[in-house]
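First up is the structure itself, then whatever we jot down about it.
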Amino acid sequence: MTLRPLAALLLAASLAAAQQPATRTVDYEPVFDDRRVHDVHLIVEGDDWDRIGRKPFEWVKGDVEIDGEKVAGVGIREKGNSSSGIRSDKKPFKIDFAEYDGKQRFHGLRMLVLNNGFKDPTLLREKLAYDLHRAIGLPASRAAFAQVFVTAKGKSEKRLLGLYTLVEHVDETFLDERFGNHDGNLYKIEGMQDLFERVDEARIADEKCVELKTNEKKNDRSRFVKFAAAVADGRSDLTAWLDCDGFAKWLAATSALVNLDSYAGTGHNFYLYDNPKTGKFVLVPWDLNEAFGNFQMGPPEDHLAWDIYAPHAGSKKLIERFVAVPALRAKYLAALKDLCAKEFAPKAMTAKIDALAKLTRDAAAKDTLKMYPTDQLTKNLSEDLAGGQMGPMQSKIFGLKPFVERRVDSILKQLAGKAKGEKLEGRMGPPGGGPPGGGPPGGGRPPGPPPK
């Protein structure tokens, strides 16, 4: 081979390599180590803190220190719907390390989410739910706990906001780690209507209903339209379009946890990834803070006995079609039975609850902005609490341990044909319930700049 062709080949190889997306190494362990409570310190200008909660939410530029490791020039903003409406400075936040510097990452991660546990006296539900989904092999976010502080320059210095759930964001890095690619379309479902009930291309094209998170410039949603049509027509083979093994596990987890602020109930709070490697749509769970029956659609006791053969509130076409196919229903019921014998078994869940309660006890006690007092935090591990504080969607707050025991008992009796489940018809008020009429019992105050 002459030198000239060899040089040409080397140049072509170099150009090809340059065109390949850079492989980022993500170091999850220090960020999501759930054997400890992390420290997250948000640092912003005082005027920026004053406007950070104004809707529509906007990014402000600041710094963040995580367990003493400082990252400068990050984007910080509030997030959420009902969770951001509380009358306290303990709002949920997003941190985007690349908002102002596209190359900046934190241990390989572009973004982190800080959720405030606003309806959960125990502050454990979201972490428990994410861990359960991950334990059964679903593509769910990592989660840990963090004490969050804020410095609003010129107004306050490292003020404690409280105990938060630190959650892995669903983005290209997440897709690469779960699926080995991020080339497909990732959709975040926001609209609270069943997109599969009928084909509505306008709704699928509406960013307020279906937010496209990858391939935004191309914005080709034609496969989503075809998927929705395949579900809606009632005849097409779901296995040609849907990751049915994953969906069966998700449906089992949703049924066990009675997580109605999801596709099974409200119709939103999930992602769909159109995985080009398989040609199948994969459901990615999201926003699991209302798990353990904490979003209610009807009488509280009906949720404990929720019908495992109709695991949806109101009409949900994709679930109805899935459980109507004998082979797919068998997958779901087998996953549900396995869940109750292993990860969701009362003994296993009690050990997990006790361990997380012990881990977070001191940080939770120091959290004066939480929505419920510390004595209710402890009580709600083992006892039901009267609801109502957060509006009509929470008339009872189930104790974590008794919820698991009673839900597993109901599921096993239904599987054995010894009990009939209760159907939930989707009776509901505003999503997530409204904020309480007064300030939170934990000592919160109306929104505004933090005191000096």
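Descriptive notes on the structure:
- Which listed pairs, of 55/213; 358/379; 91/188; 342/401; 79/226; 94/396, have C-alpha distances above 24 Å, in listed order: 79/226; 94/396
- Highest-first arrangement of 59-67, 342-350, 105-113, 139-147, where packing means the average Cβ count within 10 Å: 139-147, 105-113, 59-67, 342-350
- Charge dipole of segment 289-429 about the Cα centre (unit charges at C-beta), most positive-ward option of 424, 404, 310: 310
- Whole-percent carbon and sulfur share, accessible surface of the chain, 1.4 Å: 52 percent
- Residue-averaged 222 nm ellipticity for the chain, from DSSP H runs of 4+ at -39500 (n - 2.57), nearest 500: -10000 deg cm²/dmol
- Counted charge near residue 187, where neighbours are those whose Cβ lies closer than 9 Å (Asp, Glu -1; Lys, Arg +1): +1
- Rounded accessible area per residue of the chain, 1.4 Å, Å²: 42 Å²
- Put simply, when 69-77, 230-238, 399-407, 125-133 are sorted by average Cβ atoms within 10 angstrom per residue, most first, you get 125-133, 399-407, 69-77, 230-238.
- Taking the Cα centre of segment 289-361 as reference, the dipole from Cβ charges on Lys and Arg (+1) and Asp and Glu (-1) amounts to some 320 debye.
- Rounded to the nearest 20, the Cβ-based charge dipole of segment 25-125 about its Cα centre (Lys and Arg +1, Asp and Glu -1) stands at 560 debye.
- Ranked by the mean number of other Cβ atoms within 10 Å of their residues, highest first, the peptides 296-302, 369-375 fall in the order 369-375, 296-302.
- Pairwise centroid distance, computed over Cα atoms, of segment 178-201 with segment 43-112, Å: 26 Å
- Taking a ≥ b ≥ c as the square roots of the eigenvalues of the alpha-carbon gyration tensor, segment 256-336 is classed oblate because a/c is 1.5 or more while a/b is no larger than b/c.
- Under a model in which nothing but the beta-carbon of Lys, Arg (+1) and Asp, Glu (-1) is charged, the chain shows a dipole of about 380 debye around its Cα centre.
- Counting only residues at least eight positions apart within a chain, or on another chain, the lysines with an alpha carbon under 20 Å from that of residue 418 are 337.
The values are calculated or read from the model by the stated rules, or taken from the named source; none is laboratory data. All figures in this text were calculated on a predicted structure; none of them were measured in a lab. Ideal geometry is used to build each Cβ from the backbone, glycine not excepted, and the neighbour counts take in all protein chains shown. Ligands, DNA and RNA are stripped out before the accessible areas are found, and what is left, the full protein with its side chains, is counted by its heavy atoms. Shrake-Rupley method; radii C 1.70, N 1.55, O 1.52, S 1.80 Å.
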